[in-house]
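So the structure is just underneath, and the comments pick up after that.
We did not get these values from a lab; they are worked out from the coordinates using the rules stated. Quick caveat, the model's predicted, so the values are computed rather than measured. Cβ sites come from the backbone with ideal geometry, for glycine too, and all protein chains shown count toward neighbours.
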């Protein structure tokens, strides 16, 4: 590819590309504008837009801190772009749907769509054709984007921390480092798709089974206003004194404690309960059975070491499911109750007490005025019946 075509592909002038080659920021250029050189130009352009100088880019390139341009270009799928109106007409979608999906993908307002964007919208159009309602499809797309963004971010950061940085510390040349990273990426990327596919099918099978069983207990929505409203047990759990532990023992030790806590949560949850999200050392858990979730919380408290003993709050009520998460007054109430619990305590509301059996013991604590709620909330300390 000549310099004029390369410049057009990256949105820069030919003289700019020649200048960058002369200044040593595009060592991938070896007399021909191949995909490695073009990939590096794209990378340099983005770095300069963030306020760095060409000298800083050159130094980082020489130190091996900037990965090979060929690695960047490895994920290129062509330079074709399409207007949003063009894509909407081609796929039979409303322009508003195209706009909303583009926003989810992080495409700037008014920017044209690339080939991957058009292909993704084609799948969405097909899902709508086979009968999935638009609102459900948009929610599902948003969940996919968030989940895959987290996966991709973890992939890049972990490879950087465990491969890229050790290579830089080893004294490898920038050329050798770039080639090593390129080889690793070319070997690893083909493994990601089948791994994700297998995990998806496994989890999908699991949750379909849960949903079928859950139909025995779920009330059918009476009208459209109730769609998404679900009767669930909501738990918030975190490590009391985590900030003090960080100050006393340091970040690494505190992170080890959090890792053990999260591992224990993931591996001991009752059937049909699952972690919805984490906030540092805090987790939000939702399940259909308040008694099972409370019993799990009591047992969790006893299993963990004193320094990582959690505090847990459990509530039972109707929450609105949307975008893979749960919202509403009852979720907010459960979060507020969590703030009232102390280290090693499992606090629950009256709704949990009334929905639980004789296996658990509940000691009345007080009627507490929670912030943001007009009426006081009765709180109970939960324990196993065998406890004194």
Taking just the C-alpha trace of segment 244-286, give me its Rg and Dmax in Å.
12.0, 37
Given labels modelled 7 Å from the Cα in the Cβ direction, how far is it in nm from residue 18 to residue 162?
4.7
For segment 224-384, give the share of DSSP beta bridges that are antiparallel, in percent and rounded to the nearest 5; count only bridges with both residues there.
90
Applying 1/(1 + (r/R0)^6) with R0 = 41 Å to the Cβ-Cβ distance of residue 189 and residue 54, what FRET efficiency is obtained, to the nearest 0.05?
0.85
For the chain, give me the percentage of DSSP beta bridges that are antiparallel, rounded to the nearest 5 percent.
90
Roughly how many nanometres apart are two label points built 7 Å out from the Cα toward the Cβ at residue 253 and residue 62?
4.3
Roughly how compact is segment 318-357, stated as its Cα Rg over 2.2 N^0.38 Å to two decimals?
1.34
Quick one: compute the contact order of segment 224-384, relative version, from alpha carbon pairs under 8 angstrom and 6+ residues apart, as a percent.
25
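Go through 189-195, 275-281 and give me the packing order, highest mean Cβ count within 10 Å leading.
Working: 189-195: 10.0, 275-281: 13.9.
Packing order, densest peptide first, comes out as 275-281, 189-195.
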How far is the Cα center of segment 17-38 from the Cα center of segment 319-388, in Å?
62
Find the percent of Cα-Cα distances in segment 77-201 that exceed 26 Å, and round it to a whole number.
40
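Sum -39500 (n - 2.57) across every DSSP H segment of at least 4 residues in the chain, then divide by the residue count to get the 222 nm mean residue ellipticity, nearest 500.
-17000 deg cm²/dmol
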In degrees from 0 to 90, rounded to the nearest 10, what is the angle of the helix 95-104 Cα long axis to the longest principal axis of the chain?
80
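What Kirkwood Rh does segment 224-384 have if only Cα atoms enter the pairwise 1/r average? Answer in Å.
This gives a value of 15.9 Å.
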Based on the Cα coordinates of the chain, what is the per residue volume of their convex hull in Å³?
200
Taking Cα atoms, the helix 290-303 axis meets the longest principal axis of the chain at an angle in degrees (rounded to 10) of 80
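Mean separation of Cα pairs under 8 Å and 6+ residues apart, divided by the residue count of the chain: what relative contact order is that in percent?
Computed over the chain, the figure is 11 percent.
According to the Cα gyration tensor, what semi-axes, each the square root of 5 times an eigenvalue, does the equivalent ellipsoid of segment 336-383 have, listed from largest to smallest in whole Å?
Gyration-tensor ellipsoid for segment 336-383: 19, 13, 8 Å.
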Helix 329-340 sits off the longest principal axis of the Cα atoms of the chain, rounded to the nearest 10 on a 0 to 90 degree scale, by 80
Label-zone membership for segment 348-374, site residue 231, 7 angstrom Cα→C-beta point, backbone N under 16 Å:
350-357
